[in-house]
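What follows is calculated from the coordinates using simple rules that are stated; it is not laboratory data. In this text the structure is predicted, and so the values were computed from the model without any measurement. For neighbour counting, all protein chains shown are included, and Cβ atoms are generated from backbone atoms with ideal geometry for every residue, glycine included.
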Amino acid sequence: MLIRPERNLPTTIDELMGAGLAKRLDRLDVMSRKVFAGRLPGERRSKRRGESVEFDDYRDYTPGDDLRRLDWNAFARFDRFFVKLFRAEEDLGLHILLDCSASMLAGGGDEPSKLLFAHRLAMSLAYVGLVNQNRVSVATFGYAGADPLRRLAPLRGRRQTVRVANFLLESLNTAEQAAPAPETDAKGLGPFERALRAFGVSRVGSGVVLLISDGFVAGGMEQALSYLVGGGGLDATLVQVLAPSEIAPERAAQAGLVGDLRLTDAETGKGVEVTMSGAVIRQYKQRLDAHLERVQRACAARDVGHLLVGSDVDVGGLLFGQLRQRGVLG
């Protein structure tokens with residue numbers, strides 16, 4: 001990967017989301033493959049029957065049913081007791097987890113960085129959730145600090161988009177300058193595992209989780225994803241973001257990545273000397289393919305959706321295209 005400082009970081013919500021995108025996003029809503037029992041009144045109609053003002057169906061009375069639900073008009077017509085059923089309203093929580101580790105700085109300059117793309121995507125997803133009255137929480141992780149997760153408490157309503165934007169703009173600037181998080185803690189957990197474990201332990205209720213990360217995790221993502229979904233009640237999707245030069249490293253030759261080089265790991269500081277050649281690039285691609293396959297298997301084994309995207313794709317196109325086709329948005 002090639003890391004360059006990002007130029008002209010966004011400073012406003014319009015710069016972060018992109019001109020005109022917000023109005024288009026008003027047509028979208030957060031979706032889920034699963035039906036969850038909400039804890040608060042929401043606007044989402046579910047397939048679950050419960051307490052609501054919207055009539056759904058009848059069923060025969062059975063001893064123990066609430067007598068207030070009896071339909072006396074139906075009794076007068078059929079000489080049988082019927083209980084009225086109502087369509088429940090489901091409160092859907094949207095949790096956005098954003099990887100800000102040093103490897104996310106790949107790109108920048110003429111090539112969009114993964115970090116900036118991830119923040120743009122997070123802002124757009126949060127906007128969709130907020131305008132549809134879903135509970136939206138945002139958390140970042142991956143750089144040095146006392147807490148494995150830096151969180152914005154759950155919010156609801158269009159007016160809260162400013163708070164989310166300010167949180168993400170601050171996160172973007174901090175991650176650009178912050179030191180990498182320690183590789184492991186006293187328990188041997190890396191920053192990715194610590195963050196997802198902290199989320200899994202502290203979350204309340206069910207909902208949809210969007211994890212935005214490049215998936216470059218020392219030792220693999222298996223344990224971290226298990227922490228994420230271990231408590232159940234979540235519909236999780238990993239949006240794996242890679243820079244164009246990571247997907248096609250031959251493009252990096254145009255940026256000077258040729259000849260004899262010393263490459264330094266952005267997160268560990270460890271270096272390696274290589275001579276860039278066609279054989280080295282082919283070996284890299286083989287390892288990348290193996291890594292992506294491992295990530296996909298880890299997601300599939302835990303019923304986590306997986307979507308691979310380049311940091312140069314249009315965020316609006318991603319939202320209205322692949323994320324809509326996958327049922328994440330609708």
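Estimate the FRET efficiency between residue 71 and residue 325 by the formula 1/(1 + (r/R0)^6), using the beta-carbon distance for r and 35 Å for R0, to the nearest 0.05. List each step's numbers first, then the result.
Values: r = 42 Å, r/R0 = 1.21.
Approximately 0.25, to the nearest 0.05.
Order these by the 10 Å Cβ neighbour count, fewest first: 77, 151. Before the final figure, lay out each step's value.
On the way: 77 10, 151 17.
With the sparsest Cβ surroundings first, the list reads 77, 151.
Testing the spin-label approximation: label points 7 Å from Cα along Cα→Cβ at residue 248 and residue 270. State their distance in nm.
Spacing of the two 7 Å Cα→Cβ label points: 3.1 nm.
Residue-wise, which Karplus ³J(HN,Hα) couplings in Hz belong to segment 66-82, taking 6.51 cos²θ - 1.76 cosθ + 1.60, θ = phi - 60°, and x for glycine or proline?
Once θ is set to phi - 60°, the couplings for segment 66-82 become 5, 5, 5, 8, 5, 9, 6, 5, 5, 4, 5, 7, 10, 6, 9, 8, 10 Hz.
Using r as the Cβ-Cβ distance of residue 163 and residue 279, and R0 as 35 Å, what FRET efficiency do you calculate, to the nearest 0.05?
Values: r = 51 Å, r/R0 = 1.45.
Rounded to the nearest 0.05, the efficiency is 0.10.
Rounded to the nearest 0.05, what FRET efficiency do residue 313 and residue 286 give with R0 = 22 Å and r taken as the Cβ-Cβ distance? Could you check? Provide the component values of the computation, followed by the final result.
Numbers: r = 24 Å, r/R0 = 1.10.
Step by step, r from the Cβ atoms, then E = 0.35.
How do 119-132, 205-218 rank on mean C-beta neighbours within 10 Å, highest first? Before the final figure, lay out the partial values.
On the way: 119-132: 24.9, 205-218: 23.1.
In decreasing order of mean packing, 119-132, 205-218 become 119-132, 205-218.
Of the listed peptides 171-177, 239-245, 94-100, what is their order by residue-averaged count of other C-beta atoms within 10 Å, with the highest listed first? All intermediate terms of the calculation are to be shown ahead of the outcome.
On the way: 171-177: 18.3, 239-245: 23.7, 94-100: 25.3.
Answer by packing, highest mean first, reads 94-100, 239-245, 171-177.
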